[in-house]
Amino acid sequence: MDTTSVWRATAPGPGFAMLQDDVQCDVLAVGGGITGVTLALLLAEQGRRVVLLEAGEIGSGTTGHSTGNLYATTSQGLSEIASRWDDDVAREVVTQRKAAIDFIELQCRANPLAVFTRCPLVLYAREASDDRGVEEERQALARAGCLVRLDDRVPAGLPAARGPVMVLEDQAQLQPQAYVVELARRAAKAGASIHEHSRVLDLDTRNRVATTATGSVKAGEIVLATHSPKGFHLVHAEMTVHREYAVAFEAGAQDPGAGIFWWLGEEGLSIRMLGQGGKRYVIAAGPEHKTGVHNAKASLLAVEHVATQVLQPGPPLYRWSAQNYRSHDGLPYIGRDHTGCLIATGFSTDGLTWGTVAARGIAAELAGQADPFLQRCSPGRFTPAKGARTLAEENVATVRTLVEDWLTHGQQEQLSSLAPGDSAIVDSEGETFAAYRARDGELFAVSAVCTHLGCKVRWNSMETSWDCPCHGSRFRPDGTVIEGPAIAALRRKQAQLG
């Protein structure tokens, strides 16, 4: 199944060269999403020598597979921040996120392809059990000083609301792929060295050296802007990892107009419109699912089915998914951790806005300007009371996955019986490996053990990948890393057919 996002399909390609030498710089940013690219631009404008390494293409990770929504609240709700922390922290969150949206708007003024639009966020419920969540969010936003009101209906073309409809004014949307590509070009023009297809294969945090297949970078500072930091970091034990699925349809007869529409509930959707290249799209994203322990294809088809039933759009044109990492206490992790690197992670599904907050904050910190909010978001913070349940659930789930996978034997299946498109975890001659036969008949056999912390990977039929349920590392059928904290590929195995 093709999983190209509408953003990457309708934006110009970036086209930066691979790293081809051993270089030195002041700051190395690893990751070419909104965090790394924004940081590269800001640091280059400060006059610093900056190198940015991207494993794929600029925006090819979570940024180019997001929903393109920007808002002052968070996807989990500002009420969640207020309940775990307090109203003062909730107000800080709103202030930081509003400033990030204003910054993005400023950058978009010379970039019409980014399609930046101010619009309201509309939150409502279709079941009585979700009405309380709408009211709690309205109250939290009002206490934080946001312009919020209640309405009695949603725009035409959306499924009807059961109760009051919360409207948060002056939020925004953009075309994230077009935005980040233009930002990268501006960063390069300002002096940053940007390299695509330059995956970091070894990261020496002590000596501040990153090595790729064709070169290396020695830096004064390393910033890991890869959504989840590469290698071994304490924050991995504090984050839950999920995937979210989205579909872009040709717009139907009903058009609710500009807005971020959140419909709460088990089948709830995030809905928005996009007009680009003379075409009109309706985009629907569904609920989150824990990486590696769900049926990816079924999850995506469920979003497509519900959206088709309630929105009555035209045919589906693009299908995609994105991974997110949720912190244990509701705030992201931004700053220096025990490895000496600067990291930016734990954004949940709010990466466009939090990524911009992180880049601006790290750039200020490297310029010697203290940021009290970044101190609150320190990766080394100790707040067990604010996220004890999340921490316990995540660690129990990880241990259970490890134990179950290592006590469960592989499928007793002969590799020769794998049909094109089939996959299996196979035991053979005392070894367990992950096998997949491509549509053209080629057989791939790799170690089933994730190279990050030893969990066993599981097959993702929609995206043709092996996904780790513990910390979200994902691998192609040949074992190469797609995303996540893992650096090393899954070891290729010489499988005997029989």
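Any read-out appearing in this document is the output of simple, stated calculations on the displayed coordinates, not a laboratory observation. Only a predicted model underlies this, so the values are computations on that prediction, with no experimental measurement involved. Ideal geometry is used to build each Cβ from the backbone, glycine not excepted, and the neighbour counts take in all protein chains shown.
Between rounded, prolate and oblate, where does region 415-483 land on the alpha carbon gyration tensor, with a ≥ b ≥ c its root eigenvalues, rounded for a/c under 1.5, else prolate if a/b exceeds b/c? Cα axes put region 415-483 in the oblate bin. Using 0.36 nm per residue and subtracting the Cα-Cα separation, the extra length available between GLU169 and ALA142 on full extension is 8.6 nm. This ranking places LYS456, LYS189, LYS493 by how few other beta-carbon atoms lie within 10 Å of each, fewest first, which gives LYS189, LYS493, LYS456. With Cα atoms defining each centre, region 420-453 and region 144-171 are spaced 49 Å apart in the structure. Would you mind classifying region 176-303 by shape? Square roots of the alpha carbon gyration tensor eigenvalues, ordered a ≥ b ≥ c; an a/c under 1.5 is rounded, otherwise it is prolate if a/b is larger than b/c and oblate if not. Oblate, because a/c is 1.5 or more while a/b does not exceed b/c. Using only the Cα atoms of region 2-386, build the gyration tensor, take square roots of its eigenvalues as a ≥ b ≥ c, and label the shape rounded, prolate or oblate: rounded if a/c is under 1.5, else prolate if a/b is larger than b/c, else oblate. Since a/c reaches 1.5 and a/b is larger than b/c, the shape of region 2-386 is classed as prolate. Which residues among region 229-259 fall inside the zone where the amide N is under 15 Å from a point 7 Å beyond the Cα of GLN312, along Cα→Cβ? Residues 251-256 qualify, since their backbone N sits under 15 Å from the label point. For the chain, CYS25, CYS108, CYS119, CYS146, CYS341, CYS377 have no disulfide-compatible partner, since no other Cys C-beta lies under 4.7 Å from theirs. Dipole check for the chain: with +1 at the C-beta of Lys and Arg, -1 at the C-beta of Asp and Glu, and the Cα centre as origin, the magnitude is about 700 Debye. Note on ARG206 and ARG492: with the Förster distance fixed at 35 Å, the Cβ-Cβ geometry gives a FRET efficiency of about 0.75. Each residue, GLU127 and ASP87, gets one label point 7 Å from its Cα in the Cβ direction; the gap between the two is 3.1 nm. Checked against a 24 Å cut-off, the cross-linked pairs LYS290/LYS456; LYS98/LYS279; LYS297/LYS493; LYS98/LYS297 give Cα-Cα distances beyond that limit for LYS98/LYS279; LYS297/LYS493; LYS98/LYS297. Taken one residue at a time, the phi angles of region 322-335 give Karplus couplings (6.51, -1.76, 1.60, θ = phi - 60°) of 9, 9, 9, 10, 9, 6, 6, 10, x, 9, x, 9, 9, x Hz. Gly and Pro are set to x. Every helix of 4 or more DSSP H residues in the chain counts as -39500 (n - 2.57), and over all residues that averages to -8500 deg cm²/dmol at 222 nm. Proximity of backbone amide H atoms, modeled 1.01 Å from N, is registered between LYS456 and CYS450 at under 5 Å, excluding neighbours fewer than 5 places apart on the same chain. Taking other Cβ atoms within 10 Å as a rough exposure proxy, GLU45, GLU196 sort from fewest to most as GLU45, GLU196. Each residue in PHE433, PHE347 was given a count of other beta-carbon atoms within 10 angstrom of its own, and listing them fewest first yields PHE433, PHE347. Here the gap between GLU266 and ALA156, fully extended at 0.36 nm per residue and compared with their Cα-Cα distance, gives a gain of 37.4 nm.
Once the C-beta distance of ALA190 and ALA364 is scaled by a Förster radius of 22 Å, the resulting FRET efficiency is 0.80 to the nearest 0.05.
Considering only alpha-carbon pairs that sit under 8 angstrom and 6 or more positions apart, the relative contact order computed for the chain is 18 percent.
Using C-alpha pairs under 8 Å with a sequence gap of at least 6, the mean separation divided by the residue count of region 415-483 gives a relative contact order of 20 percent. The lysines within cross-link reach of LYS218, meaning a Cα-to-Cα straight distance under 18 Å and a gap of 8 or more places when in the same chain, are LYS230.
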